[in-house]
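Chemist: Quick one: this structure, given as structure tokens, is what I'll be asking you about.
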Amino acid sequence: MGVSVVVTSGKGGVGKSTVALGMGRALAQKGRRVLLVDCDAGLRSLDRMTGAEENLVFDISDVVFGRCAPAEAIYPCGEGEGLFLLPAPSAGENMIRPAVMRKLVPLLKRYYDYVFLDSPAGVGGGFRSAACAADRALVVCSPDPVCVRNAVAAKELLIKLGIEDKRLVINRFNGPLFGATGAYNDLDGVIDAAGVRLFGVVPDDTLLAAAFLRGKRAPAASSAMKALCRMAGRLEGEAVPIPDTF
């Protein structure tokens with residue numbers, strides 16, 4: 001039985017899909033079978049980011065409503081990579097209800113080592129659908145007060161859903177910008193304000209952003225991808241230290 005991980009934030013534009021995809025790719029490179037489930041009905045992005053966009057015929061709503069078998073709506077992301085995608089519906093009204101997700105996700109976990117649930121922005125019904133069947137949660141935020149405030153809101157809702165294993169991912173970290181903003185003295189201030197234990201810090205990296213927007217793998221020189229690979233190791237239980245400097 002695999003592990004389900006919801007990647008959320010409470011706010012849009014902080015890089016949830018990037019974190020989900022990057023960690024999925026890193027775990028697949030370790031030989032794990034990984035399924036990405038795009039839960040953002042109407043605003044899906046993982047099909048484009050994984051390069052699977054042109055192959056899509058079915059999505060998760062087709063599985064739920066019996067229009068296809070689950071295997072027909074799951075698409076490989078690259079040749080022999082071990083990474084797969086279950087795309088979100090193209091129409092927002094086809095969002096899958098939490099009660100259905102509670103039945104579907106355990107079935108998917110039988111066939112994959114990791115199931116990453118990419119949550120939509122906000123803390124409404126889409127958030128609950130993505131999070132309700134998760135074993136663990138990664139709360140993604142950039143190191144600014146607005147994102148941190150939204151991360152706190154997401155954390156509180158995760159607690160209400162009974163998800164005890166929550167970790168913070170500080171994404172798109174830019175040292176000079178962080179210092180110039182002066183909102184926090186250091187990253188410890190961000191962690192304390194969010195109230196979630198730190199899992200990793202991902203630096204701002206145009207190499208990774210450009211590659212994923214083209215549906216390509218991140219280049220070897222990508223500092224963000226290296227950080228996501230370290231996080232994948234931590235998810236596997238490896239003793240991978242978080243760097244002291246960024």
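Chemist: Candidates (1) 53, 44, 43; (2) 53, 39, 31; (3) 60, 40, 36; which is the computed Cα extents along the principal axes in Å?
Modeler: (2)
Chemist: Can you flag which of Lys109/Lys216; Lys16/Lys155; Lys16/Lys216; Lys11/Lys226 are past 22 Å Cα-Cα?
Modeler: Values: Lys109/Lys216 26 Å; Lys16/Lys155 15 Å; Lys16/Lys216 17 Å; Lys11/Lys226 24 Å.
Violating the 22 Å limit, Cα to Cα: Lys109/Lys216; Lys11/Lys226.
Chemist: Additional query: Please compute the length gained on full extension between Glu54 and Asp186, using 0.36 nm multiplied by the number of residues separating them and subtracting their Cα-Cα distance.
Modeler: Details: separation 132, 0.36 × 132 = 47.52 nm, distance 4.34 nm.
This chain segment gains 43.2 nm when fully extended.
Chemist: Note the angle between two axes, namely the Cα long axis of helix 223-235 and the longest principal axis of the Cα atoms of the chain, as a number of degrees from 0 to 90, rounded to the nearest 10.
Modeler: 70 degrees
Chemist: Specify the residue with the greatest mean-square fluctuation among Thr181, Thr50, Thr206, computed from a Gaussian network of the chain linking alpha-carbon atoms under 10 Å apart.
Modeler: So, out of Thr181, Thr50, Thr206, the one fluctuating most is Thr181.
Chemist: Within segment 1-87, which chymotrypsin sites (Phe, Trp or Tyr not before Pro) sit in a loop by DSSP and count at most 14 neighbouring Cβ atoms inside 10 Å? Kindly include the intermediate steps, with their values, before the conclusion.
Modeler: On the way: sites: Phe58, Phe65, Phe84; in loops: Phe58, Phe65.
Listed in order of number, the matching sites are Phe65.
Chemist: Just to confirm my understanding: which cysteines in the chain have no other cysteine beta carbon less than 4.7 Å from their beta carbon?
Modeler: Cys with no partner Cβ under 4.7 Å: Cys39, Cys68, Cys77, Cys132, Cys229.
Chemist: If you stretched the chain out fully between Ala221 and Lys103, how much longer would it get, using 0.36 nm times the residue separation minus the C-alpha to C-alpha distance?
Modeler: Values: separation 118, 0.36 × 118 = 42.48 nm, distance 4.04 nm.
So the extension gain works out to 38.4 nm.
Chemist: Further, regarding this structure: Which net charge results for the neighbourhood of Cys68, defined as the other residues with beta-carbon distances under 10 angstrom from its beta-carbon, given Lys and Arg at +1 and Asp and Glu at -1? Before the final figure, lay out the partial values.
Modeler: Details: positive: Arg67; negative: Asp59, Asp62, Glu72.
Summing Lys and Arg as +1 and Asp and Glu as -1 gives -2.
Chemist: Around Ala26, with a cut-off of 15 angstrom between Cβ atoms, what is the net charge of the other residues, counting Lys and Arg +1 and Asp and Glu -1?
Modeler: Numbers: positive: Arg25, Lys30, Arg32, Arg33, Arg217, Lys226, Arg230, Arg234; negative: Glu81, Asp113, Asp205, Glu236, Glu238.
The answer is +3.
Chemist: Shifting gears a bit: What does DSSP give for the chain in terms of the percent of beta bridges that are antiparallel, rounded to the nearest 5?
Modeler: Values: 2 of 30 bridges.
The antiparallel proportion sits near 5 percent.
Chemist: Compute the angle between helix 145-160 and the longest alpha-carbon principal axis of the chain, please, reported from 0 to 90 degrees and rounded to the nearest 10.
Modeler: 50 degrees
Chemist: Right, something else. I need the peptides 129-136, 14-21, 32-39 ranked by packing, meaning the mean over residues of other C-beta atoms within 10 angstrom, with the highest value on top. Before the final figure, lay out the partial values.
Modeler: Working: 129-136: 22.6, 14-21: 26.2, 32-39: 24.8.
Descending mean neighbour count gives 14-21, 32-39, 129-136.
Chemist: Treating the angle as unsigned and between 0 and 90°, give the value, to the nearest 10°, between the Cα long axis of helix 98-109 and the longest Cα principal axis of the chain.
Modeler: That helix lies at roughly 90 degrees to the long axis.
Chemist: Can you tally the net charge around Asn174? Count Lys and Arg as +1, Asp and Glu as -1, for every other residue whose Cβ sits under 15 Å from the Cβ of Asn174. Please list the in-between numbers first.
Modeler: Working: positive: Arg172; negative: Asp144, Asp186, Asp204, Asp205.
Neighbourhood net charge equals -3.
Chemist: Between Ser4 and residues 5 or more places away or on another chain, which pairs have amide H atoms under 5 Å apart, with H built 1.01 Å from N, and which residues are they?
Modeler: Val115, Asp135, Arg136
Chemist: A further question follows. Scan the chain and hand back the longest stretch that contains none of the GluC sites (Glu not before Pro) lying in DSSP loops with at most 13 other Cβ atoms within 10 Å. Let's see the in-between values first.
Modeler: On the way: sites that count: Glu79, Glu164, Glu238.
With a cap of 13 other Cβ atoms within 10 Å, the longest stretch comes to 80-163.
Rule-based calculations on the coordinates, nothing more; no lab input. Computed from a prediction, not measured in an experiment: that's the story for all the values here. Cβ: placed from backbone, ideal geometry, glycine included. Neighbour counts: every protein chain shown.
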